[in-house]
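The values are calculated or read from the model by the stated rules, or taken from the named source; none is laboratory data. These numbers were taken from a predicted model, which means no experiment stands behind them. We place every Cβ from the backbone using ideal geometry, glycine too, and count neighbours over all the protein chains shown.
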Amino acid sequence: MPINPDLLVSAAMLQDYFVDKDTGKPLANGLVSLYKDNARSFYKNWYYQTGVPGAYTWVALDNPMHLSSVGTTQDPNGNDIIPFYYPYEETDENVPEAYYITVDSVDENGDPAVRQFTRENFPFQPSGASPSSQVPTLDNIIVNNVFWRNIGALDAMNVLNQVIAPSQHDGYTNGDIRFIKNVTGANDDLIFSPMTETLDNDITPELYLNAQCSGVQVGETVKCIQYPVSLHIKTLANVQANLVIQAQNVAGNPNNYLDLYVYQYLGTGALTQPDPILIKRIVLNNDFQKFVIPFTFPDDTLLGLVPGIGGDDALFIRVQYPLSSLFNINHTKISVYLSDVVPDNDFSTYDEIAAITNSDRTGDLKPSYNYSGTFNVTGGYVPMNDGTIGSTLSGSSARANNDTWPLYNLLWNSVVNTYCPVYLGGLPSTRGVSAYADFTANKEMALTKQLARVLSGAAPSGVNYIKYFTRSGNTLIVDDTSPFSTGQSVLLSTTGTLPSPLLPATTYYLVVLSSTAVSLATTHDNAVNGVVITLTTAGTGFSEFTASFGPHPLGSYIGQDNHSQLTTELNTHSHVLGSSATVLGTQTSGGAGAIAAVVAQYTVPPTAEAILGGSTNTTGGNVPFNIVQPTSYSNFLIKL
């Protein structure tokens, strides 16, 4: 008899990671065993979700299960997952049957070593409970509603979308807690301040968020704090919930209200995006007040919503401020509970928050010796094997799956095509109008080169390295070249036209000529060898141009594994002539003395070269030498 999926209970807490109770480090390869609670000797199935929105299936997980190398729960393919529990008999959904769970560290053979902890009657079931009388979950599903590790303060006059505190993020577009508005110009300021009041009917957090507008801007349709709730819009369709928020109007300020919305973001590539749905407007007084607002997450099917193929559709809660208006409002501890009741107080430790907010982000790198396949050693990583990523139909070598979209999008927008080129059908191609256009066209994107490369730091292009230059022949004249070195990369920009054949947004390499003069080369090697670009025009527009002379662009690579030394690279030196030489075609001996005797016979002494008629003794074999620094090799992986 199949299980009833409606009775499955998820435990997102277990998606995070387990730690060793003695060391506090991730419980690498730890062992989780699940038994029937009444017997504690017979295994009981737990499940994970697979498939696509609208057609999910639930598959039994390994039991016992070995955790990943970073202590996370994972499916048989090594993907991090949220486990689902079935607290009833699988043959009779009317009979409660809880779990008894044990968690152990393991020894070198993978056998249980030290018991970490146990959980009985999990998920909690009161005696005699049935599906119609379950105790609802009282877990808040908004991560970091107490603003741990926040931005501090933000002048948001010209900000449209800015992360202000960490939250859920894996797979999200616009994940984390964000300030969002649709137009710039309003004099908006945000600051996280210590709580000085005691909240009624709740545990008082350390911080609250103050937002104020002291100068309005017309045309505002969005000005909000956006909180991630759940990846994918179907996960909570039609689910009843309660929204809780503690909020306060700063005394004497007008427009003392907040509008609370649920927002169904359909993901990258969706044909349309629906408007947020208003839950309720709350009117604030001069003291912090706890608002409890029941609502139901919307039904995506009835609304005819179609997510994009990026797999990043998601649900958000928006706390929207008065639009095109003055205000000064505080709020904290916004929470969502999937129940018709809420707790009198709620407290999440920083350890619980950190389990999600401190986990790896898209684009993070890590070295590992634990690598035995082409994908996902632990938790959604792709090997940096100089391969490609792309959509399911792209034929990419490192990973061809739609779950590569977040990394694809990040690289497309932060690394130039030179270092992350795209391919179509295995052949070199050109980038289209956007990352999503290329992704849906099934173009492969090369990962930044890692094999045989040493990791090196690169500051954001142009930061603190802006120089203005004028052209003089093949030379660019600047005020000071001391920050730069020959071989350093360059990006140029201008309000007019650059000197021909230079192009904007193209990487060039510096040749430092003096304290105020540089030339440009097309490659790092050319720069080192003094092969510079010939400039044929002075350019048009302003006589000064802005150059970004600083860091190497993200993803760029330089250096050589072997290098045959050039004559100009040798130290200046001479050789002692040998003891015998050919003198004007005749063999003689005696070295320098013999040469001197021959020279004395001539009224006009010939040169030594003419006397010798040959060459000095030679040495060396012109063999390229190794210039690789002492190196240790491991696998490098990048997070999807």
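Listing for the model above:
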| item | result |
| --- | --- |
| Strands (runs of 3 or more DSSP E) contained entirely in the stretch 260-322, each with at least 1 residues that are over 21 Å from Leu160 (Cβ atoms) and among the β-branched types (Val, Ile, Thr) | 277-283, 289-296 |
| Number of the condition not met by Ala55 [criteria: (1) more than 25 Å from His169 (Cβ to Cβ); (2) crowded, with 18+ Cβ neighbours inside 10 Å; (3) small (Gly, Ala, Ser)] | (2) |
| All positions within the stretch 160-199 that are closer than 14 Å to Gln212 by Cβ and not charged (D, E, K, R) | Phe179, Ala186, Asn187, Leu190, Ile191, Phe192, Ser193 |
| Any hit, the stretch 302-319, residues being surrounded by fewer than 14 Cβ atoms within 10 Å (Cβ to Cβ) and in contact (Cβ under 8 Å) with a residue 60 or more places away in the chain | no |
| Filter result for Tyr227 (modelled with pLDDT under 95, surrounded by 17 or more Cβ atoms within 10 Å (Cβ to Cβ) and aromatic (Phe, Trp, Tyr)) | no |
| Selected residue (only one of Asn187, Asn210, Asn238 is of a type in the set (S, T, N, Q) and more than 28 Å from Ile356 (Cα to Cα)) | Asn187 |
| Qualifying positions in the stretch 240-272 - more than 13 Å from Ile329 (Cβ to Cβ) and of a type in the set (D, E, K, R) | none |
| Residues that are in contact with a Ser or Thr (Cβ under 6 Å, 6 or more places away or on another chain) and either part of a strand (DSSP E or B) or in contact (Cβ under 8 Å) with a residue 40 or more places away in the chain (or both), drawn from the stretch 399-414 | Ala400, Asn402, Pro406, Leu407, Leu410 |
| Filter result (part of a loop (DSSP other than H, G, I, E, B), under 24 Å from Thr404 (Cα atoms) and at pLDDT 75 or above) within the stretch 442-487 | Asn442, Lys443, Leu447, Thr448, Lys449, Gln450, Leu451 |
| Any hit, the stretch 240-259, residues being farther than 23 Å from Asp188 by Cβ and assigned to a loop (DSSP other than H, G, I, E, B) | no |
| Unmet requirement for Asp351, which otherwise passes all of (1) out of contact with any strand residue (DSSP E or B) (no Cβ under 9 Å at 6 or more places or on another chain); (2) assigned by TED's automatic domain parsing to the domain that holds Val183; (3) among the charged types (D, E, K, R) | (1) |
| Within the stretch 143-158, tally of residues that are part of a loop (DSSP other than H, G, I, E, B) and over 21 Å from the mean Cα position of the chain (by Cα) | 6 |
| Residue list for the stretch 156-199, restricted to those being acidic (Asp, Glu), within 20 Å of Asn330 (Cα to Cα) and modelled with pLDDT under 95 | Asp176, Glu197 |
| Candidate set from the stretch 339-353 (those that are over 31 Å from the mean Cα position of the chain (by Cα) and β-branched (Val, Ile, Thr)); member that is surrounded by the most Cβ atoms within 10 Å (Cβ to Cβ) | Val342 |
| Residue pairs meeting the criteria (Cβ under 6 Å; at least 6 apart or on separate chains; first more than 24 Å from Phe288 (Cα to Cα), in the stretch 184-198; second small (Gly, Ala, Ser) and in a loop (DSSP other than H, G, I, E, B)) | Asn187/Ser214; Asn187/Gly215 |
| The stretch 347-359 residues that are touching a residue at least 60 places away in the same chain (Cβ under 8 Å) and part of a loop (DSSP other than H, G, I, E, B), paired with ones that are surrounded by fewer than 19 Cβ atoms within 10 Å (Cβ to Cβ) and among the aliphatic types (A, V, I, L, M) (beta carbon under 6 Å, 6 or more apart) | Phe347/Ile203 |
| Count of residues meeting criterion [in contact (Cβ under 8 Å) with a residue 40 or more places away in the chain, under 27 Å from Gly380 (Cβ atoms) and in a loop (DSSP other than H, G, I, E, B)] in the stretch 74-124 | 8 |
| Count of residues meeting criterion [part of a loop (DSSP other than H, G, I, E, B) and within 19 Å of the chain's Cα centre (by Cα)] in the stretch 430-441 | 1 |
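One line per residue, one yes/no per condition, for (1) more than 35 Å from the chain's Cα centre (by Cα); (2) of a type outside the set (Phe, Trp, Tyr); (3) buried (at least 16 other Cβ atoms within 10 Å of the Cβ):
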{"site": "Val244", "(1), (2), (3)": "no, yes, yes"}
{"site": "Gly252", "(1), (2), (3)": "yes, yes, no"}
{"site": "Leu260", "(1), (2), (3)": "no, yes, yes"}
{"site": "Tyr265", "(1), (2), (3)": "no, no, yes"}
{"site": "Ile279", "(1), (2), (3)": "no, yes, yes"}
{"site": "Val283", "(1), (2), (3)": "yes, yes, no"}
{"site": "Phe291", "(1), (2), (3)": "yes, no, yes"}
